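The values are calculated or read from the model by the stated rules, or taken from the named source; none is laboratory data. Owing to the predicted nature of the structure, the values given are computational and were not obtained by experimental measurement. Don't worry about glycine lacking a Cβ; one is built from the backbone with ideal geometry, like all the others, and counts go over all protein chains shown.
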Amino acid sequence: MPAIEPKQRGETIEGYKILSELGRGAASIIYVVQDVKTKQVWALKHVERGDAKDSRFLDQAEGEYKIASELNHPTIRQITKMFKKGSLLQTKELYLVMELVDGVSLDKAPPKNFEQAVDIFRQVADGMHHMHKKGFVHADMKPNNIVVADGGQAKIIDLGQGCKIGTVKPRIQGTPDYIAPEQVHRRPITPKTDVYNLGATMYWVFTRQHIPTALAKGDSLVNSLDDSFIQRPKPVSELNPRVHPKLNDLIMSCVEVDADKRPESMALVSDRLSLIYGILRAKAEDVVKSMDVSERSESE
């Protein structure tokens, strides 16, 4: 796809003044913009058609807007407006006005401790459960699609691969290190696909290693192999002994190759993460209390 000509600072597009460039994707540029009338600050995603092959990027952006329009959850980035430019027969450019998320993605700033990590993933599981109740699957959960603000609020971003539950995609879509077997073999995408993607994301955060998937980078043969050939990942606790056994068990169940062996729903994943978070909090409080007692004993 030909490079998109970047917009200049101060330029106004559909009533939004460009303040700065925020980032770039495979076929898009995202800007920080300000509504000229309300002065509210937003993110503006610009996708431009360069040739006939680029239509899928426009379709993805439009699909992202349509899915976001059906959702209302604090953990999912809002997309409030969409603008199209072109002719009646062909869209040349597309703009999405999105909630400006002030934070850093997990791939760039992983959680500092177990409690924070589990709480982030609990928020994400809640947001994805909301998507599932509305009939959609994210289908591309990975560390750089989770942004965390200073206060610990998590945001799910990039719904470009999202689809209705049960969709069979015409081509393989997903990120190799996090992709579920059913995505590689183009079987129906279900909420359990998101369970797998989230499990693979948690696995990386707690071990800094990726699970073996059916679409390993640089491997052109594995795509045609049966699911039974996919290597089972090492237990999380084997790579990181500090991981609580219940957390290890949850993550390993999420990345089961057989979808029937994964947790029944994202709601169940959220409940288990809440339980684990409570256990970790209680353990931390006990440590603090024991320290207080020892300090008083020494002073006495």
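Numbers for the structure displayed
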read-out	value
Qualifying positions in region 11-21 - touching a residue at least 60 places away in the same chain (Cβ under 8 Å), touching a Phe, Trp or Tyr at 6+ places or on another chain (Cβ under 6 Å) and surrounded by 14 or more Cβ atoms within 10 Å (Cβ to Cβ)	none
Any hit, region 70-92, residues being modelled with pLDDT under 95, in contact with a helix residue (DSSP H, G or I) (Cβ under 6 Å, 6 or more places away or on another chain) and closer than 18 Å to GLY160 by Cα	yes
Number of positions in region 181-210 that are in a loop (DSSP other than H, G, I, E, B) and at pLDDT below 95	3
Selection within region 211-243 - assigned to a loop (DSSP other than H, G, I, E, B) and at pLDDT below 65	ALA216, LYS217, GLY218, ASP219, SER220, LEU221, LEU225, ASP226
Region 21-45: number of residues that are within 22 Å of GLU62 (Cα to Cα) and in a loop (DSSP other than H, G, I, E, B)	3
Residues located in region 116-157, provided they are in a loop (DSSP other than H, G, I, E, B) and either farther than 12 Å from SER105 by Cα or of a type outside the set (Asp, Glu) (or both)	LYS134, GLY135, HIS138, ALA139, ASP140, MET141, LYS142, ALA149, GLY151, GLY152, GLN153, ILE157
